Each structure stands twice: as structure tokens, then as C-alpha cells.
Amino acid sequence: MTLFTYKAVTREGEVVEDHKEAADEKALIQALQLDGMMPIKVSQASSNPLYLLRMGKEANKLPQKDILLFTSELATLLGAGLPLDKSLLVLMDLTEGNDKLYKMINQVLDRVKGGSTLADALEAQTNIFSKFYLNMIRAGELGGSLEDVLDRLAEYLDRSKELKDTVGTALIYPAILLVMSAASIFMMLVFVVPQFSEMFESAGKELPLSTQFVVGLAEWLQKYWWAVISTILFLIAFFNYQMIDPVRKRRWDNRVLQLPLAGEIVLNMETANIARTMGTLLGNGVSILTALTIVQETVGNLVLADAVGEAAVKLKQGQNMSTALVESGRFPKLAMQMIKMGEETGRLEEMLLRVANIYDKQLRVAIQRMLALLEPAIIVFLGLIIAGIIVSILMAILSVNDLAF
């Protein structure tokens, strides 16, 4: 598949500029026409890595909360006895204020009316729905249990969102504390210290070494503050560049797993994600091998994703899943023991969902433990820096006035 950019006119006469993957230009033009758009210009997207990174970030047009809303409301409407096309039409009315979601549902409805299955119609929405989501919908349509599958998907998405929100919310306070403290130090050095340095220069006395260092740092920041901002922007760009290449990203992911508290948080989060995704897929009738292949694509840490991929290969060779995962040496022993027990008792789906719940709880405990150490550490560290600046100024003032401690 190749990434193309295009300009097209919608049925309403609106000019749209966007991007989409297709086998070739002809296939893209046919897909656009099927969506009710008239292509004006089609060209292959740039192969520049930074451009592709930006396009990749923009590709997922719907936030997770919108996908969750679409899934849960569609399940409710189908459960009320409405046919699929009527349910989608009602959803369009309910989401009229959300332009992106409205547009997506409209395109899905057009394809469903044209004879496509819901799974195929959703798959045509490039980079919005995951392979996991599409396989669940496809299995539900084949088994005649689309409503139940949508309910399971809504529950899965809700739990996954809750898990991510837990991590994100926990990091808000330390981030604000760190930014505000750094800003305070910057303001002191750039605006406060120079006021005293003029007084020190007029006194004509040699300043203590600590004061000389602080005054010199303040003067440097006044002249080269742009270098600090440039360095921060460069580091952000460099990190994004590192994350583009799978080899470099794999090295970073491996380092993160080896960190004392951060590694535990990432491992617990990915273990819960893997177990919940596997349990949901198996409960919907997807085979273990197919489920492992899908799960590999949902894992954010490439080291753990490789371990899941290796387990899928060993599963083809006749090993069971728990043994293959244990041999990777990457996953928690408790999770592996519970999965093994589930295989032996024929309750693998149930045991996987239990593992997900256990590691959800352990994740929250690990986050609380990290915050219990991180917040005081930030306060003490930055407090010492501010105290050092103040003490160095006081020492200079006392020195100028010929006072002794």
C-alpha cells in the first residue's frame, strides 16, 4: 500500500484535502468516487521521515472517546432492534455537532447501503480503526452477534481508556510542578539576579565563587536564552526522529523496561493490554494464533511486541502460548502461571481477563509508588537549587558590607 495525498470535492461542494493509503492512484480514485467525492488532484505523499511522522499522527482523525461513543451507541441502537443502516442514520443525527465523526459515519453508511459489510466499510476509513477492532466486527457479523461484539468492544475501549487516563492523570501534577519550578528558577536568574549584580559591580569587591557562578549563569541566560529554547526543541525533534526508526525505538523501549519504577509501570500496562485484548478476541471466537498476531500490533513497546510475535511463531511449531511467552523472559511470572492454568483448565479467556484486572490494579499501585517518590524528589531538588541561588546572593551582600558569619 502507498500513501497518497489528494484534493477532492464532496457531494455538498466542499473541497477536501487529505491523505489515504491505496494500492495505486486508480484504486484511490475509485475509493474516493465510491465515497461520493470527485477527485481533483492525486499525488504520492513525500517519503521524508519527519513528514511521514506528522502524517501518521494526523491519520488517526478520531480520538478514542469518539470511537468509544460510536461503538457504544451503535450497540444500543442495534440492541433496540433497529437495522444497521437505520442505526447509522440515527447516529449521524446524534453526532451532527462533531464534524469528523459525522463525516466518518456518513461514509460508512454509504458503503453499507452499497452492499458492503460493516467491517469492510470501517476498514475503508484508513487508520481510524485498529486491526483488532475490525477483526472483532468481522467475527461478530459472521457469527450473527454484532450487537454483543459491539458491547464487548465498548467495554474493552472503556477499560483501555481508563487505563491510559490513569497514567496520564498521575503525571499531570509532577509535570506542572517541574515546569513551574523551572520557570521560577529561570525568572530568578534572568530578572532578579542581574539587579544584585549591578550592586556587586559598583562595590568593587571580589565575590564568593558561588556568587560568581550564579551571576555568570544569569548573564549567559540573558544573552543566550534562545539557545536553551533551541536545545529543547532540538531534543524533542531528535526524540521524534529516534521513534520513527524501529531499530532505534526498540533500543529505547528496552532501556525503559530496565528502569526501576518506569519499567514496572510500562510492563504492567502492556501486560494488562495484551491480556485484555487476547481475552476479548478469544471470547469472540478468534483463534489463538490470529489473536496473537493482532495483539502484536496493539503493543506499544516493540521489545514486548517482538516477544508476542516470537510466541506466535512457536505456537505454529506446536508449543502452547504460555510456554512460548515464558521462554521470552519478558513477562511477569504471575501472569504466565495464570495463563498456563487457563490453558490446562480450558478457561483461557476467563483467566486472561483476570490477568488484565490484576495488572490494572498493580499499575495503579506502581503509579502511586512512583508519585510518592517523584514529587518529594522534585520539590527537594528544585528547592535546593533555589536555596543555593538565594544563599549565594546573601553571601555576596554580606561580603560587600564587610560582615562575617
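Among the numbered conditions (1) surrounded by 16 or more Cβ atoms within 10 Å (Cβ to Cβ); (2) at pLDDT 85 or above; (3) hydroxyl-bearing (Ser, Thr, Tyr), the only one that Thr293 does not meet is (2). In the stretch 212-240, which residues are in contact with a Leu (Cβ under 7 Å, 6 or more places away or on another chain) and within 27 Å of Asn301 (Cα to Cα)? Asn240 - this is the single residue of the stretch 212-240 that is in contact with a Leu (Cβ under 7 Å, 6 or more places away or on another chain) and within 27 Å of Asn301 (Cα to Cα). Here is the figure for the stretch 228-283: residues that are under 30 Å from Ala218 (Cα atoms) and buried (at least 17 other Cβ atoms within 10 Å of the Cβ) total 0.
Would you check if Gly300 is on the phi > 0 side of the Ramachandran plot and either in the same structural domain as Thr271 (by TED's automatic domain parsing) or among the acidic types (Asp, Glu) (or both)?
Details: on the phi > 0 side of the Ramachandran plot: no; either in the same structural domain as Thr271 (by TED's automatic domain parsing) or among the acidic types (Asp, Glu) (or both): yes.
Here the answer is no, as Gly300 does not meet what is asked.
Does Met278 meet the test of being in contact (Cβ under 8 Å) with a residue 12 or more places away in the chain, part of a helix (DSSP H, G or I) and either more than 30 Å from Leu374 (Cβ to Cβ) or in contact with an Asp or Glu (Cβ under 7 Å, 6 or more places away or on another chain) (or both)? So Met278 fits the description; yes. Taking the criterion of being assigned to a helix (DSSP H, G or I) and in contact (Cβ under 8 Å) with a residue 60 or more places away in the chain, the residues of the stretch 91-132 that qualify are Gln107, Asp110, Arg111, Lys131, Phe132.
Considering the stretch 108-120 alone, what residues qualify as being out of contact with any helix residue (DSSP H, G or I) (no Cβ under 8 Å at 6 or more places or on another chain) and not hydroxyl-bearing (Ser, Thr, Tyr)? Spell out the reasoning first.
Residues of the stretch 108-120 that are out of contact with any helix residue (DSSP H, G or I) (no Cβ under 8 Å at 6 or more places or on another chain), as a first pass: 115-116.
Passing the criteria: only Gly115.
So which residues in the stretch 110-152 are over 14 Å from Leu74 (Cβ atoms) and aromatic (Phe, Trp, Tyr), if there are any at all? Passing the criteria: only Phe132.
Total residues in the stretch 347-365 satisfying the condition of being among the charged types (D, E, K, R) and over 21 Å from the mean Cα position of the chain (by Cα): the figure is 4. Collect the residues in the stretch 297-323 that are crowded, with 21+ Cβ neighbours inside 10 Å, without any contact (Cβ under 8 Å) to a residue 40 or more places away in the chain and of a type in the set (S, T, N, Q), keeping them in residue-number order. Passing the criteria: only Ser322.
Determine whether the stretch 168-176 contains at least one residue that is more than 19 Å from the chain's Cα centre (by Cα), part of a helix (DSSP H, G or I) and of a type in the set (A, V, I, L, M). Checked against the condition, which is being more than 19 Å from the chain's Cα centre (by Cα), part of a helix (DSSP H, G or I) and of a type in the set (A, V, I, L, M), the stretch 168-176 yields at least one hit.
For the stretch 36-68, a residue qualifies if it is of a type in the set (D, E, K, R), surrounded by 14 or more Cβ atoms within 10 Å (Cβ to Cβ) and modelled with pLDDT of 75 or more, and exactly one does: Asp66.
Please pick out the residue among Gly388, Gly383 that is of a type outside the set (D, E, K, R) and loosely packed, with under 13 Cβ neighbours inside 10 Å. Working first, answer last.
On the way: Gly388 fails: loosely packed, with under 13 Cβ neighbours inside 10 Å.
The unique qualifying residue is Gly383.
May I ask you to verify whether Gly114 is small (Gly, Ala, Ser) and either surrounded by fewer than 16 Cβ atoms within 10 Å (Cβ to Cβ) or at positive phi (or both)? Considered against the rule, which asks whether it is small (Gly, Ala, Ser) and either surrounded by fewer than 16 Cβ atoms within 10 Å (Cβ to Cβ) or at positive phi (or both), Gly114 comes out as yes.
The values are calculated or read from the model by the stated rules, or taken from the named source; none is laboratory data. A quick note: this is a predicted structure, and the numbers were derived from the prediction, not measured. All Cβ positions, even for glycine, are placed from backbone atoms using ideal geometry, and neighbour counts span all protein chains on display.
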